[in-house]
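The values are calculated or read from the model by the stated rules, or taken from the named source; none is laboratory data. The shown structure was predicted, so the numbers you read here are calculated from the model rather than taken from an experiment. Note that each Cβ is placed from the backbone with ideal geometry, even for glycine, and that neighbours are counted across all protein chains shown.
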């Protein structure tokens, strides 16, 4: 099955390994058997084992769910919901998301699916390779296994939220993988949570390197906080969020809004390094435009009008572009559209402000209203807003969700997932999305995969 076939890029130069490959482009493609990552010798050497793991992060950056390219969830689900308006040509992948007219045969769906399972396959290959190593130290084995489990759990988390029930893949045997059945969502969440809990135990407190591009223990705790929030395990969600927030030696909040998305921000928990030194983010390159009309997407009027006049996020993270008397707005969290002398911005996947919002929502659900208000006010005050006037549990939860919309816009589909998990998709999107249907709560499963593996049937409702 092509989903699970992989090529690994093995780094040649030791100097690049030492710097986490920030500047190295001299890779050799090696064809691999379908059932293994590469020869066992790769995992008998720390440098080449690290290369295998770092290569997975490059794949996450470049393709699939979390890429900053327009093919990733940040752009596609921004268009799918009410964050972005589409200005490009008809019949494109972005237009299909914007019109809520996705087809199971669409290449954009196959791309998300295939890239995700290739990344999972690679993570499973690292887990298998490390477990069979006789040369790696115990600490190196634990870190690599923890990172691979982190990736496997995280990608499955996004797949479940985007597609619903999907196969939960833990092996590298492509014959077995090609006949797997879908795992029910509740069961998948338990497996995701278990993987991430193992990652917490294995990953070190400190980062491997200075750029926060390889996840540490707090990154796994941050993802666990989100997983538990989605599972409605309120106290666990709050506890994991607190575990991250309380690491004051690593993380600082608040930080000035214009610093949040710089590569050295101390509010960053985990980020993806650009492909070469001097490059910046795909998000900045894709979102920024300098004259109108927009070439593809711009911030919707619904999102723009959700900001109050006092909200500094509107000033700092949104930019107006006027041409011929008409004004459009684009996301401006990342401010570099092209290369700079040294990379200024990396693509941030996890950051501290989300942890405050997770803890606020969780606290409101289990009755700690004072703590919940303190957390949501931390976010509001950072944006230049007064304390919330919410009083009851439901009012505070609504206030948190409103802040999530403004704090996390165009970041890996938070808006869609929040509306979905809170049961608000239809009520919010039907009035502003003429093509919206209840069945749009899930993306279609790729038709090509259903043909290759009939065990994936039935297709998601509505497709």
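Within region 41-129, considering only helices (runs of 4 or more DSSP H) that don't extend past its boundaries, which have at least 3 residues that are surrounded by fewer than 23 Cβ atoms within 10 Å (Cβ to Cβ) and out of contact with any strand residue (DSSP E or B) (no Cβ under 8 Å at 6 or more places or on another chain)? Quick ask: steps written out before the conclusion?
Values: elements: 46-62, 73-80, 93-98.
Qualifying helices (runs of 4 or more DSSP H): 46-62.
If you take the residues of region 176-187 that are more than 19 Å from the chain's Cα centre (by Cα) and assigned to a helix (DSSP H, G or I), which of them is surrounded by the fewest Cβ atoms within 10 Å (Cβ to Cβ)? Show your work before the answer.
Going through region 176-187, the residues more than 19 Å from the chain's Cα centre (by Cα) turn out to be 176-184, 186-187.
Right, trim to assigned to a helix (DSSP H, G or I) and you get 176-177, 186-187.
On the way: 176: 13, 177: 22, 186: 10, 187: 12.
Step by step, filter region 176-187, then rank; the result is 186.
Has region 188-200 got at least one residue that is outside any helix (DSSP H, G or I), more than 26 Å from residue 371 (Cα to Cα) and in contact (Cβ under 8 Å) with a residue 40 or more places away in the chain?
If we filter region 188-200 for residues that are outside any helix (DSSP H, G or I), which is where we start, we get none.
No, that holds for no residue.
Would you confirm whether or not region 150-168 contains a residue that is in a helix (DSSP H, G or I), more than 30 Å from residue 462 (Cβ to Cβ), under 21 Å from the mean Cα position of the chain (by Cα) and touching a residue at least 60 places away in the same chain (Cβ under 8 Å)? Please lay out each step first, then the result.
Within region 150-168, the subset in a helix (DSSP H, G or I) is 150-163.
So of that shortlist, the ones also more than 30 Å from residue 462 (Cβ to Cβ) come out as 150-151.
Checking which are under 21 Å from the mean Cα position of the chain (by Cα) leaves us with 150-151.
Okay, now just the ones that are also touching a residue at least 60 places away in the same chain (Cβ under 8 Å), so 150-151.
Yes, there is a match, as at least one residue in region 150-168 is in a helix (DSSP H, G or I), more than 30 Å from residue 462 (Cβ to Cβ), under 21 Å from the mean Cα position of the chain (by Cα) and touching a residue at least 60 places away in the same chain (Cβ under 8 Å).
Does region 211-224 contain at least one residue that is surrounded by fewer than 22 Cβ atoms within 10 Å (Cβ to Cβ), assigned to a loop (DSSP other than H, G, I, E, B) and in contact with a helix residue (DSSP H, G or I) (Cβ under 9 Å, 6 or more places away or on another chain)?
no
Quick one: residue 172 ticks every box in (1) within 29 Å of residue 315 (Cβ to Cβ); (2) crowded, with 19+ Cβ neighbours inside 10 Å bar one, so which box is it?
(1)
Quick one: residue 366 ticks every box in (1) crowded, with 16+ Cβ neighbours inside 10 Å; (2) touching a residue at least 60 places away in the same chain (Cβ under 8 Å); (3) under 23 Å from residue 232 (Cβ atoms) bar one, so which box is it?
Evaluating residue 366 over (1) crowded, with 16+ Cβ neighbours inside 10 Å; (2) touching a residue at least 60 places away in the same chain (Cβ under 8 Å); (3) under 23 Å from residue 232 (Cβ atoms) leaves (1) as the failure.
Just checking, does region 382-405 include any residue being at positive phi, surrounded by fewer than 20 Cβ atoms within 10 Å (Cβ to Cβ), over 25 Å from the mean Cα position of the chain (by Cα) and in contact (Cβ under 8 Å) with a residue 12 or more places away in the chain?
Of the residues in region 382-405, the ones at positive phi are 384.
After this cut, where a residue has to be surrounded by fewer than 20 Cβ atoms within 10 Å (Cβ to Cβ) as well, the list is 384.
Those still in the list that are over 25 Å from the mean Cα position of the chain (by Cα) too: 384.
Add one more test, that the residue is in contact (Cβ under 8 Å) with a residue 12 or more places away in the chain, and what stays is 384.
Scanning region 382-405, I find at least one residue that is at positive phi, surrounded by fewer than 20 Cβ atoms within 10 Å (Cβ to Cβ), over 25 Å from the mean Cα position of the chain (by Cα) and in contact (Cβ under 8 Å) with a residue 12 or more places away in the chain, so the answer is yes.
Would region 429-440 turn up any residue that is without any contact (Cβ under 8 Å) to a residue 40 or more places away in the chain, crowded, with 20+ Cβ neighbours inside 10 Å and touching a helix residue (DSSP H, G or I) at 6+ places or on another chain (Cβ under 9 Å)?
Within region 429-440 (the criterion being without any contact (Cβ under 8 Å) to a residue 40 or more places away in the chain, crowded, with 20+ Cβ neighbours inside 10 Å and touching a helix residue (DSSP H, G or I) at 6+ places or on another chain (Cβ under 9 Å)), the answer is no, since none of the residues qualifies.
Would you check if residue 379 is free of Cβ contacts under 8 Å to residues at least 40 places away in the same chain, surrounded by fewer than 21 Cβ atoms within 10 Å (Cβ to Cβ), within 16 Å of residue 241 (Cβ to Cβ) and touching a helix residue (DSSP H, G or I) at 6+ places or on another chain (Cβ under 8 Å)?
Values: free of Cβ contacts under 8 Å to residues at least 40 places away in the same chain: yes; surrounded by fewer than 21 Cβ atoms within 10 Å (Cβ to Cβ): no; within 16 Å of residue 241 (Cβ to Cβ): yes; touching a helix residue (DSSP H, G or I) at 6+ places or on another chain (Cβ under 8 Å): yes.
When the stated conditions are applied, residue 379 does not pass them.
Which members of region 441-463 meet the condition of being part of a loop (DSSP other than H, G, I, E, B) and in contact with a helix residue (DSSP H, G or I) (Cβ under 8 Å, 6 or more places away or on another chain)? Spell out the reasoning first.
Taking region 441-463 as the starting set, the residues that turn out to be part of a loop (DSSP other than H, G, I, E, B) are 442-446, 453, 457-463.
Passing the criteria: 442, 443, 444, 445, 446, 457, 459, 460, 461, 462, 463.
Could you list, in sequence order, all residues of region 286-298 that are touching a residue at least 60 places away in the same chain (Cβ under 8 Å) and either under 13 Å from residue 67 (Cβ atoms) or under 23 Å from the mean Cα position of the chain (by Cα) (or both)? Step through it out loud before you land on a result.
Within region 286-298, the first condition is being touching a residue at least 60 places away in the same chain (Cβ under 8 Å), and the residues that meet it are 286-287, 293-298.
Scanning region 286-298 gives 286, 287, 296, 297, 298.
When you scan region 267-280, do you find a residue that is surrounded by fewer than 23 Cβ atoms within 10 Å (Cβ to Cβ), modelled with pLDDT of 95 or more, touching a helix residue (DSSP H, G or I) at 6+ places or on another chain (Cβ under 6 Å) and not in a loop (DSSP other than H, G, I, E, B), even just one?
yes
Return only the number of the condition from (1) over 27 Å from residue 413 (Cα atoms); (2) in a helix (DSSP H, G or I) that residue 136 does not satisfy.
(2)
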